[in-house]
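Encoded as structure tokens, the structure appears first; notes follow it.
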Amino acid sequence: MPDGTARIRWAGWALAVLLLASCGGKRPVPYELRPSERIRGVYHTVERGQTLWRICKAYGVDMQTVAEVNNIRDVTQIRVGQRIFIPGATRVLKVEPYRPSPDGRPEPLRPVQTFEGTFIWPVHGSVTSSFGVRNGIKHSGIDIAAPKGTPVRASAAGEVAYRGTLRGYGKILILKHSSVYTTVYAHLGSWEVREGQKVRQGQIIGTVGNTGRSSGPHLHFEIRKRNKARNPLFFLSRRP
Ligand SMILES: [Zn+2]
């Protein structure tokens, strides 16, 4: 039996996205509700002795969030002079460098987390726009280039929570995978599933198109945990 309450809740959520997307910032909108959105923050330029963890501690921000926004999967890759976007910060802060102990041991590096194994690539193709911030605009997913008509596959098993057309996103599907995870597939050429339908991982759910705010056929793909957009590249295998 379909869960009526859940369906109403999802329809309401989708409607809220539609209304918010079409009324251009009259109400405060969590940035993760849009494919791209202005975001406040500052760029911190890495200086000698500063690790990602030190920088995040100084700014009081979650290191995993900063790593995902900046596409830093490997904290050993941080270099002096690198610019790191700190979401929410209003000014650049001084960050105390690490002073090596007398025995010269470097500071232990805290790794960022990756979550491979649950989600698969919905289409094969190169990532033409990554998750993160560029010129003050946040991109809540990744863009994967693929020819028009290419089948789009469910990244994980779940249920079609929403099928419709939203400003910016064009033809869109939202799959619900658990109580916390959803995935979003946008700019579709066609839908191949209906709302409420259960889907298996890898099942064809639509095709690549060019609908909505899009400059050529591609799939805009999002992974959200508790409706917060996460960096899909931290969840997908390195190679499609
Ligand atoms: Zn996109």
task = Any chance you could count how many residues in segment 184-225 are out of contact with any Leu (no Cβ under 8 Å at 6 or more places or on another chain), within 16 Å of the ligand (Cβ to nearest atom) and not charged (D, E, K, R)?
result = 10
ask   = Can you name the strands (runs of 3 or more DSSP E) wholly within segment 102-215 that have at least 1 residues being in contact (Cβ under 8 Å) with a residue 12 or more places away in the chain and of a type in the set (Asp, Glu)?
value = 142-145, 158-166
remark   = Counting only residues in segment 118-170 that are basic (Lys, Arg) and modelled with pLDDT of 95 or more, the one nearest to the ligand (Cβ to nearest atom) is identified as 148
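The rows are residues; the columns are (1) β-branched (Val, Ile, Thr); (2) over 16 Å from the mean Cα position of the chain (by Cα); (3) closer than 28 Å to residue 224 by Cβ.
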position	(1), (2), (3)
74	no, yes, yes
77	no, yes, yes
83	no, yes, yes
87	no, no, yes
93	no, yes, no
103	no, yes, no
107	no, yes, no
111	no, yes, yes
129	no, no, yes
key: Qualifying residues in segment 25-62 (those that are within 16 Å of the ligand (Cβ to nearest atom) and of a type outside the set (Val, Ile, Thr)) - the one modelled with the highest pLDDT   = 38
ask   = What is the one condition in (1) touching a helix residue (DSSP H, G or I) at 6+ places or on another chain (Cβ under 6 Å); (2) at pLDDT 95 or above; (3) within 23 Å of residue 129 (Cα to Cα) that residue 82 does not satisfy?
value = (1)
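The values are calculated or read from the model by the stated rules, or taken from the named source; none is laboratory data. Remember, predicted model here, so these are calculated numbers, not experimental data. Please note: Cβ atoms are built from the backbone with ideal geometry, for glycine as well, and neighbour counts cover all protein chains shown.
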